[in-house]
Amino acid sequence: MYNPHSSRADEFICHREVLDSLAYAEKNRTNRELIRSILDKAGQYRGLSHREALVLLDCGIDEFNREILDLAQRIKEEFYGNRIVLFAPLYLSNHCVNGCVYCPYHSRNVHMPRIKLTQEEIGKEVIALQDMGHKRLAIESGEHPRINPIEYILESIGTIYNTKHRNGAIRRVNVNIAATTVENYRKLKDAGIGTYILFQETYHQLSYESLHPTGPKHNYSYHTEAMDRAMRGGVDDVGLGVLFGLEQHRYEFTALLMHAEHLEAAFGVGPHTISVPRIRKADGIDPDRFVNGIDDDAFVKLVACLRISVPYTGIIMSTRESKSCREKIIRYGVSQISGGSRTSVGGYRDPEDEKSGDSAQFEVNDARTLDEVVRWLMDLGHIPSFCTACYREGRTGDRFMKLCKNRQIHNCCQPNALMTLKEYLEDYATTETKRTGDLLIYREFDRIPNKNAQRIVRDNLAAIESGKRDFRL
């Protein structure tokens with residue numbers, strides 16, 4: 001029985017409720033009166049239920065589909081403005097005991113060189129990332145209790161935070177590692193992590209168990225209930241995601257929103273982020289063998305419906321997607337993207353190294369440098385943001401959500417985005433990017449809603465030009 005307040009995976013992600021919702025949406029895909037009422041509710045910027053959202057995803061009326069995209073764009077601008085937060089993944093180790101059939105890290109892959117970075121090597125990776133201009137990382141690691149224990153992850157987080165180079169500093173470390181215990185989540189919280197991210201891969205339990213035939217990840221309930229344990233361990237910013245292409249996207253969309261509803265019901269705080277990766281080619285992995293791929297047009301609509309349904313959450317799109325795809329989708333809901341990414345272990349300090357290149361988890365479809373991505377975003381009218389202020393000022397969990405849901409986060413985010421962009425322009429940008437960025441800051445300055453904040457930002461921008469760093473509201 002479906003129960004969003006339950007702590008049991010089979011109750012807050014109820015297979016029967018997903019199927020009933022799919023049937024309901026299919027039946028009503030041309031029900032003008034119902035769709036109109038759902039759009040009117042969505043226009044209040046308070047979100048939708050999973051069943052209402054699925055009706056919009058399935059909507060077969062062209063005029064309403066255009067309205068869905070327009071509404072998603074308005075909601076994105078209302079909550080997140082024209083800011084896009086930038087980050088990079090950092091792969092620590094590809095040793096893994098799981099048998100995930102869609103991932104080249106699976107334990108039976110004898111072709112891939114197995115690499116685990118030492119703390120010295122992690123420091124070199126971090127310096128390379130700092131020299132690009134990154135301030136926010138998401139660390140990734142295969143699951144191997146002996147080779148990659150929680151102690152290794154914690155030590156690596158400390159190395160990342162303590163590595164300083166010129167004006168570079170990593171100010172926020174998000175963590176994407178395997179489901180673990182409440183005790184270990186407490187340790188991660190004490191280590192100063194930002195968001196704990198864990199992709200469900202698929203919410204369809206039979207598919208999940210088939211795709212994860214061996215290893216600890218085979219346990220569907222333990223994996224699906226990980227966010228509850230993270231919350232109980234004090235990690236109040238968590239990030240959901242599925243790997244689109246493993247199962248039918250309508251099923252995943254519905255269950256993903258049910259998971260968000262569960263976090264709201266059980267903890268009063270929904271997901272800080274939702275990631276939307278699509279399966280990609282990798283060593284020994286052919287995405288064509290998975291028959292549930294989603295094309296770009298359907299992907300655009302899916303992201304738009306996510307934005308409408310959970311207006312407060314950050315939506316993340318990685319370099320799995322091409323420049324043209326990211327350009328198409330970004331305005332309809334995406335608020336965070338990676339840039340200049342390497343998906344191999346050790347790929348930043350020596351990107352030409354053959355061994356590290358063979359350890360890539362998936363093919364990157366947007367291989368541009370961070371500087372090229374920054375300039376591209378500005379040319380599209382977005383503000384590239386390297387801000388990490390909310391985490392460091394304690395605006396996490398319900399404190400962040402209160403500001404975001406009340407649409408007051410602009411008072412912090414707009415100033416912080418401009419100041420961190422200015423840091424990037426002064427320290428790392430090419431001449432052309434700096435010229436474009438300085439004009440954008442000048443143009444966007446007047447959009448800071450608070451006059452006192454404008455004064456503070458004006459003074460801080462001048463201080464950044466004179467060599468000072470790390471200002472935040």
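The values are calculated or read from the model by the stated rules, or taken from the named source; none is laboratory data. All values derive from a computational prediction rather than experimental measurement. We place every Cβ from the backbone using ideal geometry, glycine too, and count neighbours over all the protein chains shown.
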When Phe253 is run through (1) in a loop (DSSP other than H, G, I, E, B); (2) surrounded by 19 or more Cβ atoms within 10 Å (Cβ to Cβ), the failure sits at (1)
Of Tyr222, Tyr203, the only residue that is over 30 Å from Lys468 (Cα atoms), within 19 Å of the chain's Cα centre (by Cα) and either at pLDDT below 95 or among the aromatic types (Phe, Trp, Tyr) (or both) is Tyr203
For helices (runs of 4 or more DSSP H) lying entirely in the range 2-97, having 1 or more residues that are over 21 Å from Ala304 (Cβ atoms) picks out 9-12, 15-27, 32-42
If you go through Phe244, Phe290, the only one that is more than 15 Å from the chain's Cα centre (by Cα), outside the structural domain of Leu71 (by TED's automatic domain parsing) and aromatic (Phe, Trp, Tyr) is Phe290
Apart from one, (1) of a type in the set (A, V, I, L, M, F, W, C); (2) surrounded by fewer than 16 Cβ atoms within 10 Å (Cβ to Cβ); (3) in contact with a Cys (Cβ under 6 Å, 6 or more places away or on another chain) all hold for Ile61; the odd one out is (3)
Picked from the range 118-138 (must be among the charged types (D, E, K, R) and in a helix (DSSP H, G or I)), the residue surrounded by the fewest Cβ atoms within 10 Å (Cβ to Cβ) is Glu120
Checking Tyr312, Tyr391, Tyr348 in turn, the sole residue that is touching a Leu at 6+ places or on another chain (Cβ under 6 Å) and not hydrophobic (A, V, I, L, M, F, W, C) turns out to be Tyr348
Residue pairs within 6 Å by beta carbon, gap of at least six or interchain, first lying in the range 101-123 and in contact (Cβ under 8 Å) with a residue 12 or more places away in the chain, second surrounded by 16 or more Cβ atoms within 10 Å (Cβ to Cβ) and part of a helix (DSSP H, G or I), listed first then second, are Val101/Leu211; Gln119/Thr159; Ile122/Ser156; Ile122/Thr159; Gly123/Thr159
Among helices (runs of 4 or more DSSP H) completely within the range 139-238, the ones holding 3 or more residues that are surrounded by fewer than 18 Cβ atoms within 10 Å (Cβ to Cβ) are 150-162, 182-190, 205-211
Given the conditions (1) over 25 Å from the mean Cα position of the chain (by Cα); (2) buried (at least 16 other Cβ atoms within 10 Å of the Cβ), every one holds for Glu26 apart from (2)
